[in-house]
Amino acid sequence: MLSMQSLISVLRWFTFSFFITVMSLAQAGTIESHSFDSPEKEATYKRLIEELRCLVCQNQNIAGSNAELAQDLRRQTYEMVSKGSSRDEVVDFMVTRYGDFVLYQPPFKFKTLLLWFGPPLLLLISLIFLVRQLRKKSTKPELELDKKQRESVRDLLK
């Protein structure tokens, strides 16, 4: 027969397990299933949802995001691909609606110059600064001692 303490501990374990299970199911979200007329349309859809960025999460594509906006973008992408829109048409629609930020690889244009050249430029500036600092350290002259200071140091060393 179980003691009261054992019964409480079993109930705690059950409650904890139930809570973890419910939380993981809530995190899983809804599973979307789409049917396509052809394997080409399905491949286009999958490639598009991998290429488009979630505007809420920003570091995730819409395929891996559970944000409401990502769900809407997946639905919109599915509808467009199902109706026969090409990959370029879907991308153009998304860029027109949300801007170049929706793409993981933004096009090379004047507006996106900073995106393309910003990181290398920042790295170059940092390297120049580092080299200058290292040169300053190595070119510092050593302290010159006059005769009186040298004699006092000799006396101390004796």
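The numbers here are math on the coordinates, done by the rules we state, and not lab data. As the structure is a computational prediction, the values presented were derived from the model and not from experiment. As a convention, Cβ positions derive from the backbone with ideal geometry for all residues, glycine included, and neighbour counts pool all protein chains shown.
Some points to look at:
- Restricting the range 65-158 to GluC sites (Glu not before Pro) that sit in a DSSP loop and have at most 14 other Cβ atoms within 10 Å of their own Cβ leaves Glu142, Glu144.
- Residue exposure proxy: Val95, Val102, ordered by other Cβ atoms within 10 angstrom of their Cβ from fewest to most, comes out as Val95, Val102.
- Normalised by 2.2 N^0.38 Å, with N the number of residues, the alpha-carbon radius of gyration of the chain equals 2.12.
- Stretchable slack from Leu7 to Leu69, in nm (0.36 nm times residue separation minus alpha-carbon distance): 17.7 nm
- Sites excluded, chymotrypsin sites (Phe, Trp or Tyr not before Pro) in DSSP loops with at most 13 other C-beta within 10 Å, longest stretch of the chain: 1-103
- Helical contribution to [θ] at 222 nm, DSSP H n ≥ 4, -39,500 (n - 2.57), averaged over the chain, rounded to 500: -21500 deg cm²/dmol
- Between Val131 and Asp92, full extension at 0.36 nm per residue minus the direct alpha carbon distance yields a gain of 9.6 nm.
- Expressed as a fraction of 2.2 N^0.38 Å, the C-alpha radius of gyration for the range 36-112 is 1.05.
- Computed E for Leu103/Glu40 - FRET, C-beta separation, R0 22 angstrom, nearest 0.05: 0.50
- Comparing Cα centroids, the range 49-97 and the range 100-116 end up 17 angstrom apart.
- Taking the chain as a Gaussian network of alpha-carbon nodes connected by springs under 10 Å, the highest mean-square fluctuation of the residues Leu121, Leu73, Leu134 belongs to Leu134.
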